[in-house]
Structures are given as structure tokens and as C-alpha cells.
Amino acid sequence: MAETLARRPAPTLVSAPGGSDPQVAEVESLVTEFIGCYERLLELARRRHEAMRRARPREMAECIGEEATIVQRIAELEARRLRLVGAIAERLQSSNGRYTRLSWIAERMEDPVRSRMIAQAARLRELIEAVQSENATVGAAARALALHMEGLMKQLAARHNHSRTYGRKGSVEAGPAVTSAIDVRS
């Protein structure tokens, strides 16, 4: 009975003659591309933040356009990664299929592939977290700027409201244009 409950060791991928498994090599290549994409996204997020701080809308638009291109590339890479990881996971008998984590696969590799993949996965995770953090900071700055601009607009509206009455929203709002000039010639 104890023998049936004993865990079987997880299968490992043995390097193909003359190098690593072709699918594993392709996953490593994909992760390297992911890392490059996320490094560029981090640069762009920082540049976009600086452009916002310096009120440079053209530079912000350039950053956003390039970010969109990179995000599209990441989506393409992710589709390839899911296909490859699914095939490898099936060979390694993972119950998570194509959603198997790279670190789980890396643990079942022989060195030096194992070490490289674990380092790559850690670097990618670190970059993704850095991009998310920078984007959260930029988002908070954008919300603060929008609220500031809204406050300025309310102040302007209140100054130019000749009747000084409250609107439906409970604040002094700009009313209709008031003509307050007198023609003294006629």
C-alpha cells in the first residue's frame, strides 16, 4: 500500500544529442524576447512619466504608440509560448497543460539549462513587476493631473459666472454668456 502512495519522480527532459531539446531552446529564445520587450516597456513607461511631468504631449503620444506596438508583440510571443509550454508540459506530464509555469519546467531540466531558465524566469518576473509599478505611478500622476485640471476649470467657471448661483451639481458653474456692454454712441 505504501508503494502505491509513494510519489513517482517527475520526468525530466534529457538534452538532445549535441545540445538542448529544440522546444526548450525555443522557449529560452522566447523568454529572451519577452525580456527585451519588457525592458523596452520599462524604458518607455519612465520616458512617458517624464514627458507627462514636463508637459510634452507629443513625446507622450510617441511613447504610447511604441508601447502599443510592443504590447502587440508580447501578445504574439505569448501565443507561441502557450503552444510550446503546452507541448513540453504534456511531455513532462504537468496537470496544468499550457498554463504550466516556466519555473516548473525549468526545475525538470538538466543543468545548465535549468539554471539559465530559472534566471530568465526571475528576470522576466522582476521586469513585469517593475513595468506594473511604473505604470501604476504614471496612472496615479495622470489622475492627480486630471483632478487638478478639473479644479482649475471649476475656478474659471466660478469666476466667469456673473450670477454666482449654484448649478445642479452643487457648485458655481459657468452660466450663459452675459452681455454687459452699453453702446454710448446711439
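No lab work stands behind these numbers, since they all come straight from the coordinates. Keep in mind that this is a model prediction, so the values were computed, not measured. Cβ sites come from the backbone with ideal geometry, for glycine too, and all protein chains shown count toward neighbours.
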- prompt: For R47, what charge total do you get from the other residues with a beta carbon under 15 Å from its beta carbon, if Lys and Arg give +1 and Asp and Glu give -1?
  reply: -1
task: Kindly put D21, D111 in sequence by how many other C-beta atoms sit within 10 Å of each C-beta, fewest to most.
output: D111, D21
Estimated distance in nm for a label pair at H148 and E129, the labels positioned 7 Å out from Cα along Cα-to-Cβ: 3.0 nm
query: When only DSSP loop residues count, what trypsin sites (Lys or Arg not before Pro) in segment 15-115 have their Cβ near at most 14 other Cβ atoms within 10 Å?
result: R54, R101
field: Estimated FRET transfer efficiency (S115, A79; beta-carbon r; R0 30 Å; 0.05)
entry: 0.65
- prompt: In whole Hz, what ³J(HN,Hα) sequence does segment 92-97 give by Karplus (6.51, -1.76, 1.60; θ = phi - 60°), x for Gly and Pro?
  reply: 8, 6, 7, 6, 8, x
query: What does the charge count near V138 come to, summing +1 for each Lys or Arg and -1 for each Asp or Glu among other residues with Cβ under 12 Å from its Cβ?
result: +2
